[in-house]
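One structure is given here, and the rest of the page talks about it.
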Amino acid sequence: MYGLVNKGLERYIEQECGNEHSKAIVGAALGDVGTFVGMQSYDDSIMIDMLTRYCEVAERRPEDALEGFGRFWISYVIDEGYGDLLSATGDTLEELLESLDTMHTRLGRSFPSMAPPSFTLERQEDGDFHLHYRSSRSGFAPFVLGLIVGLCDMLNEQAVVTLAEARDQGADHDVFLIQIVKGATLPRSTAHGT
């Protein structure tokens with residue numbers, strides 16, 4: 001996992017727990033590493049350790065923490081200067097989701113060791129979408145669910161997002177059902193896990 005992701009998680013923990021708890025959580029997970037460098041690759045175990053420690057302190061389930069971090073991630077990457085890349089990728093949720101693999105290819109030029117996931121968007125006859133998520137990493141479906149909701153927030157679109165098929169429950173890969181809500185009086189976006 002690149003330092004940019006770990007720095008994002010660090011900022012999320014700080015927002016959720018405060019600076020004092022964040023320093024203790026991140027410091028314990030980092031050990032001798034010191035601080036994260038955005039363009040440097042780190043072992044995934046550091047991120048998982050930070051997340052585990054955060055869940056213990058905040059008394060949150062890991063899947064809820066990952067979903068919250070996914071939603072936070074969108075505003076974080078915009079603040080870190082990647083907003084133009086997101087904007088260039090699409091103006092609607094459908095356009096952005098269809099272009100995720102292309103965006104990851106562009107990012108791969110800056111992050112050569114990146115092992116990005118793959119996304120395939122499939123429109124259903126009723127107008128809903130299935131987003132197929134494949135990754136070499138397991139357990140990140142809640143993070144992706146949060147990302148989708150964060151994109152809805154960014155675009156001022158409303159959607160109900162559910163995990164329709166789960167890799168950790170025997171499916172080949174994770175599949176999200178995305179139902180775009182038009183003209184409803186819901187909050188800007190609503191996420192529902194399985």
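The values are calculated or read from the model by the stated rules, or taken from the named source; none is laboratory data. Note that the structure is predicted; figures quoted are calculated from it, not measured. Counting neighbours? That spans all protein chains shown, and the Cβs are built from the backbone with ideal geometry, glycine included.
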Every residue in segment 6-19 that is of a type outside the set (D, E, K, R), surrounded by fewer than 21 Cβ atoms within 10 Å (Cβ to Cβ) and in contact (Cβ under 8 Å) with a residue 12 or more places away in the chain, please. Gln15, Cys17
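Matching residues to (1) touching a Ser or Thr at 6+ places or on another chain (Cβ under 8 Å); (2) surrounded by fewer than 20 Cβ atoms within 10 Å (Cβ to Cβ); (3) modelled with pLDDT under 90; (4) on the phi > 0 side of the Ramachandran plot:
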{"residue": "Val144", "(1), (2), (3), (4)": "no, no, no, no"}
{"residue": "Val149", "(1), (2), (3), (4)": "yes, no, no, no"}
{"residue": "Glu157", "(1), (2), (3), (4)": "yes, yes, no, no"}
{"residue": "Leu177", "(1), (2), (3), (4)": "yes, yes, no, no"}
{"residue": "Thr185", "(1), (2), (3), (4)": "no, yes, yes, no"}
Against the conditions (1) in a helix (DSSP H, G or I); (2) farther than 26 Å from Leu131 by Cβ; (3) of a type in the set (Phe, Trp, Tyr), where does Phe72 fall short? Just the number, please. (2)
So which residues in segment 58-75 are of a type in the set (Asp, Glu) and in contact with a helix residue (DSSP H, G or I) (Cβ under 7 Å, 6 or more places away or on another chain)? Glu63, Glu67
Going through segment 30-53 one residue at a time, which ones are in contact (Cβ under 8 Å) with a residue 60 or more places away in the chain and over 11 Å from Asn6 (Cβ atoms)? Met39
Given the options Ser22, Ser41, name the one that is of a type in the set (Gly, Ala, Ser) and either out of contact with any Asp or Glu (no Cβ under 7 Å at 6 or more places or on another chain) or on the phi > 0 side of the Ramachandran plot (or both). Ser41
Residue satisfying all of: in segment 84-104; without any contact (Cβ under 8 Å) to a residue 12 or more places away in the chain and of a type in the set (S, T, N, Q); farthest from Phe119 (Cα to Cα) among these: Ser87
Going through segment 80-93 in order, the residues found to be part of a helix (DSSP H, G or I) and either loosely packed, with under 15 Cβ neighbours inside 10 Å or touching a strand residue (DSSP E or B) at 6+ places or on another chain (Cβ under 7 Å) (or both) are Glu80, Gly81, Gly83, Asp84, Leu85, Ser87, Ala88, Leu93
Out of (1) buried (at least 20 other Cβ atoms within 10 Å of the Cβ); (2) in the same structural domain as Leu131 (by TED's automatic domain parsing); (3) polar (S, T, N, Q), the odd one out for Ser22 is which? (2)
